Each structure stands twice: as C-alpha cells, then as structure tokens.
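The values are calculated or read from the model by the stated rules, or taken from the named source; none is laboratory data. Model, not experiment: these values are computed from the prediction. Glycine also receives a Cβ, built like all others from the backbone with ideal geometry; neighbour counts cover every protein chain displayed. Calculation scope for accessible area: heavy atoms of the full protein, side chains included, ligands and nucleic acids excluded. Shrake-Rupley method; radii C 1.70, N 1.55, O 1.52, S 1.80 Å.
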Amino acid sequence: MIRSWIKSGAARVMSRTGLDRLAGSLSGARAVPLVINYHRIVEDFANSAKTSIPAMLVSRSMLEKHLDWLGRRFRFISLDELGARLEGKDGREDPVAAITFDDGYRDFYEHALPVLKRKGVPAAVFVVTDLVGTRRVQVHDRLYLLLARRFSPGGGAPGPFEVTRLLLETLPQGEIEKVIESLEVEVPIPEDSYRPFYSLTWEMLDEIHRAGVTIGSHTRSHVQMTNESRERVMEEAAGSRKAIEGRLGLSVIHFAYPSGYFNTAAVDAVATAGYKFAYTTCTHYDAMRPLLTVPRVPLWENSCSDSRGMFSESILSCQINRAFDLVSGCRQHHTATKENGHARS
Ligand SMILES: [Zn+2]
Ligand SMILES: [Zn+2]
C-alpha cells in the first residue's frame with residue numbers, strides 16, 4: 001500500500017515536470033519507437049485473476065483507457081511500418097506506437113479484436129504454434145494454476161507467482177513438465193478450468209490476419225530460449241515460422257522472445273530462422289543485431305493504477321518512458337558477451 005502510494009505520488013511529480021522522460025533516458029532506454037506488450041484480454045480482471053497470473057491480464061475496459069491515452073499522443077502503426085521506421089526507411093519522425101499481444105490466447109479474438117477494429121488501431125499477435133487450435137495450455141498457466149491450488153502463501157513464504165517465475169527462469173521446459181505432472185497427481189485440475197487459457201485456432205488467425213493484424217511467431221511451445229539446448233532453440237524459432245507460413249500462406253518476419261528472455265544463442269537462432277525483427281521486454285540489446293532485440297513495454301491491468309486502484313495517466317506516462325526501470329529493471333544476464341550491448345554503453 002505504501003509502495004503503491006509512493007509510486008502514484010512519484011509518477012505524478014515526474015510526469016508533470018517531464019522527469020519521467022529524463023529518468024527513462026537515465027535507465028538506459030534506447031531512442032526507439034514505443035512498442036507495447038499485452039497478453040490476455042478479459043472481461044472481468046478480478047474474476048480472471050483468481051486463476052491466472054495477474055500480470056498477464058488486462059480488462060477490455062482498461063485496454064481501451066490505455067489505447068485512448070496513447071492515441072492522443074502517438075500515431076498507431078503496424079509492425080511492418082515500425083520495421084520501416086527502425087530501418088530508417090519511412091522518412092518521418094512523428095511519435096508512433098505499436099501494440100502487440102503475446103501467446104495467441106483465444107481471448108484476443110473475443111475481446112481485443114473488436115476494440116482494435118472499432119478504434120482503427122493496428123496490432124500484432126505473437127503465436128505459440130504447437131498450441132494453435134488445440135486444447136493444450138501454456139506451461140506457465142498450468143504451473144501457476146497448480147501452484148495456486150497446491151500452496152496457500154503466508155508467513156512470508158513465496159506465493160505461486162514467485163515460484164512459477166523462479167522455475168521458468170531456471171529450468172528447461174522438459175523439467176517443468178515433470179514438475180507439472182507430479183503436481184497434477186496431487187491436485188487434479190478439471191478440464192473446464194483450462195478453458196480460459198485456450199489458444200486461437202488457425203481459422204481465427206486467418207480471420208485476424210485478414211482484418212489487418214500482423215501475425216508473428218512466439219516459438220513452437222513457449223520455451224524460455226535461454227534455458228534450452230541450441231538445437232531446441234533453433235527448432236522452436238524455425239519450426240514456428242514454417243508452421244504459420246504453411247498454414248496461413250503469409251510471410252512471417254516478426255518474432256517475440258517468450259518472456260523476453262534472450263541471449264546470443266537465441267538471437268543467432270532467430271537470425272538463422274529468417275526473422276527480420278525480434279522483440280524483447282527490456283532495454284538490453286544485441287549491439288550487432290539491434291533489430292533482433294527491439295524493446296517493448298509490458299502493460300497489464302494494474303501496471304498503470306494508482307494507490308486506489310484507479311487508472312493513472314501519470315503512471316502510464318512513467319511506464320512508457322521506462323522511468324521505473326531505475327528501481328526495478330531487468331533481472332536477466334543475457335549471458336553477457338562482448339556482443340551484448342546495453343543501451344548506455
Ligand atoms: Zn509469451
Ligand atoms: Zn535485459
């Protein structure tokens with residue numbers, strides 16, 4: 001509560017005085033166009049947050065508030081237009097923003113697409129191709145759901161989100177599957193509980209694409225690329241591109257690293273697989289291949305809420321300027337090699 005009050009107060013002062021932009025440049029943000037990153041879009045945040053990682057959710061009404069605020073300050077562009085801007089080919093300098101949605105949840109079709117169409121906002125969806133059109137659920141969602149049922153946090157013990165994050169950060173997906181299997185024996189989850197996490201179908205993706213939304217790749221099975229073998233990373237990057245191109249008959253040039261995790265091997269694989277642009281969630285980048293490490297700003301329901309839980313324009317302004325990165329920046333090491341640059345170095 002105190003933290004949230006300080007955040008609201010600091011955000012108000014920073015955005016009024018322009019300090020948010022200064023703090024953003026001190027925290028190392030590169031001068032690249034704004035790219036926003038959402039995950040699931042739901043009707044009722046509080047209800048969905050009972051079973052889902054809260055930071056992956058935004059309600060349709062909050063999404064509209066974000067888009068309205070951004071639309072008054074930026075011209076929305078597609079990822080292809082963003083690519084042209086990044087390559088210095090569009091010859092313009094006006095403030096632009098691109099909107100992206102990761103993981104390819106079915107709720108994009110149900111809740112986000114109608115809003116985007118109505119407002120005329122271009123967007124991109126990054127899909128996990130092995131899950132498209134199946135009832136299989138993302139590893140992070142299954143793990144979180146099981147841990148939330150298995151453990152009731154208290155007494156300073158880490159909660160289901162902290163444990164989920166720790167496991168995803170450290171273990172290869174094969175090991176996480178084993179943890180999930182043993183948890184499933186302990187706490188059986190009815191099939192219906194997994195329904196909100198289903199992915200889009202190929203038919204929906206075809207319709208979404210025809211509505212003007214860019215379809216990008218987010219690997220075959222949402223592996224954290226920094227935890228897997230070189231072969232697996234290569235197969236995840238190349239296989240997902242091939243699947244989308246084969247099923248939808250389009251050219252896929254945009255890729256998003258699952259959870260924003262990348263290292264030199266991941267960037268190599270993405271380059272070899274033929275992508276032209278790849279997106280992270282932090283401001284670190286590969287100095288040799290900056291177009292394959294384009295930063296995005298992740299937003300969710302409460303990322304721009306004040307201490308009373310109300311939408312705060314000044315906090316959104318701080319978020320897009322990455323003003324909070326100074327105190328809560330990226331935890332990844334990106335296997336620091338000479339190739340890996342930082343925005344300020
Ligand atoms: Zn993801
Ligand atoms: Zn980073």
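With a requirement of 2 or more residues that are basic (K, R) and open to solvent by 10 Å² or more (accessible area, probe 1.4 Å), the helices (runs of 4 or more DSSP H) lying completely within region 106-171 that satisfy it span 113-119, 139-150.
Close Cβ contacts (under 7 Å, 6 or more residues apart or on different chains) running from residues in region 108-130 that are free of Cβ contacts under 8 Å to residues at least 60 places away in the same chain to residues that are within 16 Å of ligand 1 (Cβ to nearest atom) and open to solvent by less than 30 Å² (accessible area, probe 1.4 Å) comprise V121/I99. For beta carbons closer than 7 Å, sequence separation of 6+ or different chains, a first residue in region 38-54 that is open to solvent by less than 20 Å² (accessible area, probe 1.4 Å) and a second that is in a loop (DSSP other than H, G, I, E, B) and within 16 Å of ligand 1 (Cβ to nearest atom), the qualifying pairs are Y38/L299; R40/S52. Can you confirm whether A323 is more than 16 Å from ligand 2 (Cβ to nearest atom), small (G, A, S) and open to solvent by 10 Å² or more (accessible area, probe 1.4 Å)? For A323, the condition - more than 16 Å from ligand 2 (Cβ to nearest atom), small (G, A, S) and open to solvent by 10 Å² or more (accessible area, probe 1.4 Å) - is not met.
The number of residues in region 208-242 being under 28 Å from K119 (Cβ atoms) and in contact (Cβ under 8 Å) with a residue 12 or more places away in the chain comes to 10. Evaluated against (1) out of contact with any Lys or Arg (no Cβ under 8 Å at 6 or more places or on another chain); (2) open to solvent by less than 10 Å² (accessible area, probe 1.4 Å); (3) hydroxyl-bearing (S, T, Y); (4) at pLDDT 95 or above, S303 falls short on exactly one condition, (4). Checked against the criteria, V294 does not count as away from ligand 2 (no atom under 13 Å from the Cβ), out of contact with any Asp or Glu (no Cβ under 9 Å at 6 or more places or on another chain), at pLDDT 95 or above and open to solvent by less than 10 Å² (accessible area, probe 1.4 Å).
The residues of region 225-281 that are within 16 Å of ligand 2 (Cβ to nearest atom), open to solvent by 10 Å² or more (accessible area, probe 1.4 Å) and not hydroxyl-bearing (S, T, Y), listed by number, are N227, N263, A265. The number of residues in region 284-321 being in contact with a strand residue (DSSP E or B) (Cβ under 7 Å, 6 or more places away or on another chain), of a type in the set (D, E, K, R) and farther than 12 Å from V32 by Cα comes to 2. Cβ-Cβ contacts under 7 Å between residues 6 or more apart (or on different chains), taken from a first residue in region 67-86 that is touching a residue at least 60 places away in the same chain (Cβ under 8 Å) to a second residue that is open to solvent by 40 Å² or more (accessible area, probe 1.4 Å) and assigned to a helix (DSSP H, G or I), are listed as W69/E313; L86/L291.
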